[in-house]
1. Give me the extension gain from residue 60 to residue 282: residue separation times 0.36 nm, minus the current Cα-Cα distance, reported in nm with one decimal.
2. On a full-extension model of 0.36 nm per residue, what is the gain between residue 43 and residue 275, subtracting their alpha-carbon distance, rounded to one decimal in nm?
3. Listing 178, 115 from the residue with the fewest other Cβ atoms within 10 Å to the one with the most, what is the order?
4. Obtain the nm distance between the two label points defined at residue 107 and residue 230 by a simple spin-label model: each point lies 7 Å from its Cα along the Cα-to-C-beta direction.
5. Between residue 333 and residue 177, what's the calculated FRET efficiency when r is the beta-carbon distance and R0 is 45 Å? Round to 0.05.
6. Taking 0.36 nm per intervening residue step and subtracting the Cα-Cα distance, what contour gain separates residue 323 from residue 266 on full extension?
7. Pairs of Cα atoms under 8 Å, at least six residues apart: use those to get the relative contact order of segment 99-188, whole percent.
8. Before anything else, pin down the relative contact order of the chain: Cα pairs under 8 Å, at least 6 apart, normalised by residue count, whole percent.
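Here, each number is a calculation from the coordinates, and none is a lab measurement. All of these numbers come straight from a predicted model, not from anything done at the bench. Every residue, glycine as well, gets a Cβ built from its backbone with ideal geometry; the counts of neighbours run over all protein chains shown.
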């Protein structure tokens, strides 16, 4: 069964369209409107752009002109606001089922699988070098040490006796470890950086409790305290804003190219919105990290409220919690088209008021 994107699943329940529209849509719409107007005012569509004409157009701004700008911004916003979901899907790497789309996904996913493998290999090289440094410091092999003992010895070595080369290896290991966190398992690899960042975080969030966050996110949005939902909403708005700025910048690039295509070096003007699109895309990746951190935090704090609203007993141990959640995920997934779906049975807790612990 295809699961909807986590950000959109969460916002479908928790979002407030008025607030989201004002914060996420107006600023990018104003930017796109002003950019197109600047091309028009500089006469870029028929001649080389004239900076004098552009200056005169903004210097002689009238109240009617400002009103038209506001109206155009609102109209553009109304048009692009419903496109937020497909825009996020596109930047994540959901490109459709056509042969061309499947081929592109295959190539890009293979690229990121190779990149993730390269990062893993580089990390292992630095770990081996760091291991050799530690063995040289101790004068003996550390192969017989337990994991805890090895970590203690390594921490003592790095804090006191390590030379600059060893510290460089340790820094490289940490850097590559952080980079690996943005890649999911090989079979789950997406064709874009944003898609891989979100998918890797989705796979981690709630997994320690046996929860699939793409399934429980809408439920958690309904039972979590308002301030917790607002926290997730704020981080989601940052992601939405970055995605929207990226998409309108790409649109501005497409509009600019034909306007200056025959104007010599003026064609470089198209690099301005394109560079902004790149910066916004990288900002979207960082915002996705923050958003998924917020979602993971909500799972940690509010999963017991979810169990209570579902009428389930509070688990006594994390082991029991994971075992029960295997069944709970099957139950909430509820795919009647899967003939191999096992029958799921859960025991409900005695009925009690929801306002009690």
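1. Using 0.36 nm per residue and subtracting the Cα-Cα distance, I get 76.2 nm.
2. 81.2 nm is the gain from fully extending residue 43 to residue 275.
3. 178, 115
4. 4.8
5. Using R0 = 45 Å, I get an efficiency of 0.90.
6. Net length gain for the segment: 14.2 nm.
7. It comes to 45 percent, rounded to a whole number.
8. 22
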